[in-house]
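The values are calculated or read from the model by the stated rules, or taken from the named source; none is laboratory data. Note that the coordinates shown come from a computational prediction; the quantities given were computed from them, not determined experimentally. Neighbour counts are summed over all protein chains in view; Cβ atoms, including those assigned to glycine, are modelled from backbone coordinates with ideal geometry. Heavy atoms of the whole protein, side chains included, go into the accessibility calculation; ligands, DNA and RNA do not. Shrake-Rupley method; radii C 1.70, N 1.55, O 1.52, S 1.80 Å.
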Amino acid sequence: MRIDEQPRPRWAHEQPQPRWVDQGLRSRRPDLRLGARSHRLDRSAATPVDRIVVRHTVRTGPAEYSLLLNAPQWLGRRGVGEALADAVGELRAIDLTYGPTRPKSLVSRLRRGEISPESYPPLADLVDRCAAMRAATDGWFDAWAVPGGFDPGGLLGGWAVERAATRLRAAGIHDYAVLTGADLVVRGHAPHGGPWRVAVHHPTDARRTPLVLEMTAGAVGTSGVTGRRGHVVDPHTGEPADQLASATVIGPDLAVADAYATALYAAGPTGLVWFRGGSDYRALFAHR
């Protein structure tokens, strides 16, 4: 089952929404690829004379992140390097501070009742986001229904990427892409000066032609392509979810898109109702 007729997102507070590229334009090389064996960045494009283009990949705990920065020349290479280090530092800090598998993390301490969410404002934000997504998905995303107690893993990676992206913007970099697994956030323009061209590969059939998007703002979140069966639990039964093989959601914020994808993976076709009525989020793929 492929779902690709949901209402288009309306992002009044963002830059222009993604557009689906016509078949005749697909000869142009994508800047980014999702859903292949691994996410990929295009390294063949020439660097414009008035821009500083930096590509960097870093691993923090179990996750790997790739950052592609298209920075203005006035920042200088030192300024771009400092911005990159700040963003990478944020990703590392979130893994160390909030990772559910780390016994001393704030999430683990919250589980044991040693602290409250209000003890640390970012932790309170994380908990509030989980509660909001539980309500938005009719309980299909439920960080409190995970074995072992509160586990924000379904949106933690997206939350980390969004916080790192905030660091980049604060440093003056407004054109960038950050990828992790089958997820990504983009903003602004690619080094060639146009929108980011994102090829989203079919998550279970590599022979299919990828869906190509042009984006200047937004995120793509995917659940179910890690190869780990049973990694998403049906919060209503406690059993591993098995209705879908994968789910991909696009929208303004990666943490929310990730949570929706996780919930859709668990709920199956029932979850498509969340993307109706002018929602800012849309299901790109939902495959049995």
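Tell me which residues, restricted to the range 162-176, are open to solvent by less than 20 Å² (accessible area, probe 1.4 Å) and touching an Asp or Glu at 6+ places or on another chain (Cβ under 7 Å). Even if it seems obvious, please write down each step before you answer.
First, the residues of the range 162-176 that are open to solvent by less than 20 Å² (accessible area, probe 1.4 Å): 164-165, 168, 172-173, 176.
Hit for the range 162-176 is Ala164, nothing else.
Looking at Thr270, Thr237, which is the one that is of a type outside the set (A, V, I, L, M, F, W, C) and either open to solvent by less than 10 Å² (accessible area, probe 1.4 Å) or modelled with pLDDT of 75 or more (or both)? Working first, answer last.
Numbers: Thr237 fails: either open to solvent by less than 10 Å² (accessible area, probe 1.4 Å) or modelled with pLDDT of 75 or more (or both).
Sole residue among the options that is of a type outside the set (A, V, I, L, M, F, W, C) and either open to solvent by less than 10 Å² (accessible area, probe 1.4 Å) or modelled with pLDDT of 75 or more (or both): Thr270.
Being closer than 21 Å to Gly153 by Cβ and open to solvent by 70 Å² or more (accessible area, probe 1.4 Å) narrows it down to one residue among Pro103, Pro117, Pro122; which is it?
Working: Pro117 fails: open to solvent by 70 Å² or more (accessible area, probe 1.4 Å); Pro122 fails: open to solvent by 70 Å² or more (accessible area, probe 1.4 Å).
Criteria check complete, one pass: Pro103.
How many of the residues making up the range 177-197 are open to solvent by less than 10 Å² (accessible area, probe 1.4 Å) and more than 13 Å from the chain's Cα centre (by Cα)?
Of the residues in the range 177-197, 4 are open to solvent by less than 10 Å² (accessible area, probe 1.4 Å) and more than 13 Å from the chain's Cα centre (by Cα).
Looking at the structure I just gave you, is Ala145 out of contact with any helix residue (DSSP H, G or I) (no Cβ under 7 Å at 6 or more places or on another chain) and open to solvent by 50 Å² or more (accessible area, probe 1.4 Å)?
Working: out of contact with any helix residue (DSSP H, G or I) (no Cβ under 7 Å at 6 or more places or on another chain): yes; open to solvent by 50 Å² or more (accessible area, probe 1.4 Å): no.
No: the conditions fail for Ala145.
Need pairs with beta-carbon distance below 7 Å; first residue under 11 Å from Ala259 (Cβ atoms) and within the range 114-133, second assigned to a helix (DSSP H, G or I); sequence gap 6+ or separate chains.
These pairs meet every condition: Arg129/Leu155; Arg129/Trp159; Arg129/Ala255; Cys130/Leu155; Met133/Leu155; Met133/Val256; Met133/Ala259.
Consider Gly221 carefully, then state whether it is open to solvent by less than 30 Å² (accessible area, probe 1.4 Å), modelled with pLDDT of 90 or more and touching a helix residue (DSSP H, G or I) at 6+ places or on another chain (Cβ under 9 Å).
On the way: open to solvent by less than 30 Å² (accessible area, probe 1.4 Å): yes; modelled with pLDDT of 90 or more: yes; touching a helix residue (DSSP H, G or I) at 6+ places or on another chain (Cβ under 9 Å): yes.
When the stated conditions are applied, Gly221 passes them.
Would you check if Gly61 is in contact with an Asp or Glu (Cβ under 6 Å, 6 or more places away or on another chain) and not β-branched (Val, Ile, Thr)? Talk me through it step by step, then tell me what you get.
On the way: in contact with an Asp or Glu (Cβ under 6 Å, 6 or more places away or on another chain): yes; not β-branched (Val, Ile, Thr): yes.
Yes: the conditions hold for Gly61.
Considering each residue of the range 72-100, count those that are hydroxyl-bearing (Ser, Thr, Tyr) and open to solvent by less than 40 Å² (accessible area, probe 1.4 Å), and give that number.
Summing the residues that are hydroxyl-bearing (Ser, Thr, Tyr) and open to solvent by less than 40 Å² (accessible area, probe 1.4 Å) in the range 72-100 gives 1.
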